[in-house]
Number of protein chains: 2
Amino acid sequence: MNGTTEDGVVHVGGDARQRFHDSKGYGRPLSGNTIALAPVEAAHLLFRGDLDAVDGVGFQAFFERASDRDPAFAVRFLVYADLRSRGFYLSPAIEGWVPDDTDFADFVVYERGKGPGSGAVRYRVRVVGERDAVRIDDVAAAAAVPETTVLGIVDEESEITYLELTDPDVAGDTAVDLPDSIDGVLLGDRVLCWDAPDRLYRSGFFGRPLSDRDDVGDAGAVQVSLVEAAYLADRGTLAVDGGSDAVVACGRDVEGERFDRRLATYTRLRERGVVPKTGFKFGADFRTYASVDTVDDLGHSELLVRALSADHAFVPRDLALDVRLAHGVRKQMVYSVVADGEVLDWVAVGRLTP
Amino acid sequence: MNGTTEDGVVHVGGDARQRFHDSKGYGRPLSGNTIALAPVEAAHLLFRGDLDAVDGVGFQAFFERASDRDPAFAVRFLVYADLRSRGFYLSPAIEGWVPDDTDFADFVVYERGKGPGSGAVRYRVRVVGERDAVRIDDVAAAAAVPETTVLGIVDEESEITYLELTDPDVAGDTAVDLPDSIDGVLLGDRVLCWDAPDRLYRSGFFGRPLSDRDDVGDAGAVQVSLVEAAYLADRGTLAVDGGSDAVVACGRDVEGERFDRRLATYTRLRERGVVPKTGFKFGADFRTYASVDTVDDLGHSELLVRALSADHAFVPRDLALDVRLAHGVRKQMVYSVVADGEVLDWVAVGRLTP
């Protein structure tokens, strides 16, 4: 059976509609029994030997020709073939071929056993090569749709990693009753509260005692990070020379704009009843606790949070690293999308086996 | 008991030599019973209440004054105090105070139960704040000394992470008998060998078959990454239009100088009998196998490798991320230090509990 290219799609007649579309979910019906196949679908049918030739050429020449026209064809084919081999029917997200918005996704994958026309969408999949940058604001918008949005990342050796993008529930029930005025002093890139009330650390989980040992003096001294100090100074809890402005200035001095992104994220997390602590050991900005009564009875931290500028573009490798690490320590990887000192969005990214 | 600052160190008389130096490993003996204490040592003795005052002031004022003079004083103090609380004696690496080279380290830590003058060095510790950049070539030089070199990283909340720097054994026994000439074609940012001999993938572990399934055609097609293709083309194994130069040009096009660093590292690993495969899923450049007979009997990959330029400076957070991930997947994190297309050094970084 043969096909011919017309207007960028491959037309196949004969019993193609019954054989390929109705029973296997390929293509889109045209008039009569003819169907239109996207190049990636035609390539897959050639690959399987179900089609003999398109425009007189076989799989190899068709594949090379399509790759010449579109350098991303190979990675799209690899993901298409992989999802097919996992037993899914899927359609290229061409306008008019699939339900609803198709801006972000390359493929619409149907529920198992379902196909085009069923409307039963399981995943929307965006295909990227490991070297393709992906903007976080695009990701955030895509994560907000009801169906599961997936990044299918094809690495340099053509292995595929699927990452699920979701809208996380960033909320906790930690209430902190802060004291009125604690004196602090800026020392280098941290703040020392020499005589902090016990509850600053014990129930508020701000800072860290200078010493956890009982046999030394100055046990009341608590070291507070710059981002914690800026938050506390802004609320009038911490009295420091120059006020919160001085702390923020110091933060920008040592971290640049990253400090503003982190402070906005820290503040929003606290407002939502979630306690952020440094995520340094995990290479993240924060790890978070949804419920802190006292630090003596601290649960597992649930999220790893990285604060990103809204115009940030991911390198997929960095995304893979974050998600792999978070998975290994049983936490959810969450990105905050920050612009003009405000958190616009949260995006969770996790591993997925389709 | 009181001290006075002279020439940047704190002099203490009385029975200080016996009480602080001989029995507890603080300071360096001067004439008679007087000893000199580095500021960090004096601060620790003030903190413990063993010293009452230095220049008439107590711990808090001494600490603030020292921090004003040297913004890194606080992080050094934190690491000093932490190592003391773990039961070690240690000396500030001041020239003449400690054995041998002191360029990299801030502290020389002695074997448990040993002190200054014993020569029994357990660790050399460099203290950095989480925002301080660390050059990879400094790290590589430090990793080459016989004693264990350690980075003590103080994060923004003053938690300390210790990382051990070592000279790894990068060697394997994989021998590959490559065929003479395999045809390949550059498609986008990968190379396809439509008709590759079985052993290219099965025993050489180059590339990846286009399909792992037996029920499809073109099972002989193997996709090869650009770095693999450049290596194979350079050795005359792969015939591709334009030769290895064309592959390298394409690599630079999509990755810039990173491609050259990765190719140098890939080549050196292969020369050492180690098989590198993509480390994408781990956010690294490569994962490596020391012994590959056949891909059907593949062991656990031992190393994660990241190729860095010799003038690269780490952000400690990225280092923490890499090491944490590698630990979680039971691999060793190794950096290759590359300049002018050659691997100058290898450095392994791992977690340490002193």
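Some points to look at:
- Applying the set (1) within 19 Å of residue B:352 (Cβ to Cβ); (2) within 18 Å of the chain's Cα centre (by Cα); (3) of a type in the set (A, V, I, L, M) to residue B:133 leaves exactly one unmet item: (1).
- Strands (runs of 3 or more DSSP E) completely within region A:1-52 that count 3 or more residues being at pLDDT 95 or above and not polar (S, T, N, Q): A:9-12, A:35-37
- Tabulated pairs, region B:95-115, first farther than 20 Å from residue B:77 by Cβ and without any contact (Cβ under 8 Å) to a residue 60 or more places away in the chain, second among the β-branched types (Val, Ile, Thr) and crowded, with 21+ Cβ neighbours inside 10 Å, C-beta under 7 angstrom, 6+ apart or interchain: B:99/B:121
- In region A:325-346, residue farthest from the other protein chains (Cβ to nearest Cβ) [restricted to those that are touching a helix residue (DSSP H, G or I) at 6+ places or on another chain (Cβ under 7 Å) and surrounded by 23 or more Cβ atoms within 10 Å (Cβ to Cβ)]: A:337
- Residue within region A:278-294 that is within 14 Å of chain B (Cβ to nearest Cβ), free of Cβ contacts under 8 Å to residues at least 12 places away in the same chain and open to solvent by 30 Å² or more (accessible area, probe 1.4 Å) present: yes
- Listed by position, the strands (runs of 3 or more DSSP E) enclosed by region A:130-243 that each have at least 2 residues that are within 30 Å of residue A:85 (Cβ to Cβ) are A:148-154, A:160-166.
- Checking each residue in region B:232-254 for being under 19 Å from residue A:132 (Cα atoms), within 14 Å of another protein chain (Cβ to nearest Cβ) and open to solvent by 30 Å² or more (accessible area, probe 1.4 Å) picks out B:252, B:253, B:254.
- So residue A:270, is it farther than 29 Å from residue A:352 by Cβ and out of contact with any Leu (no Cβ under 8 Å at 6 or more places or on another chain): yes
- Evaluation of residue B:43 against (1) farther than 20 Å from residue A:191 by Cα; (2) in contact (Cβ under 8 Å) with a residue 12 or more places away in the chain (one fails), failing number: (1)
- Test: residue in region B:171-180 that is closer than 30 Å to residue B:337 by Cα, more than 14 Å from chain A (Cβ to nearest Cβ), crowded, with 19+ Cβ neighbours inside 10 Å and in contact (Cβ under 8 Å) with a residue 40 or more places away in the chain: yes
- Members of region B:99-120 that are open to solvent by less than 20 Å² (accessible area, probe 1.4 Å) and not small (Gly, Ala, Ser): B:107, B:108, B:109, B:110
The values are calculated or read from the model by the stated rules, or taken from the named source; none is laboratory data. If you're wondering where the values come from, they're calculated on a predicted model, not measured in any experiment. Virtual Cβ from ideal backbone geometry, glycine too; neighbours counted across all protein chains shown. Heads up: the accessible areas ignore ligands, DNA and RNA and are worked out on the full protein's heavy atoms, side chains in. Shrake-Rupley method; radii C 1.70, N 1.55, O 1.52, S 1.80 Å.
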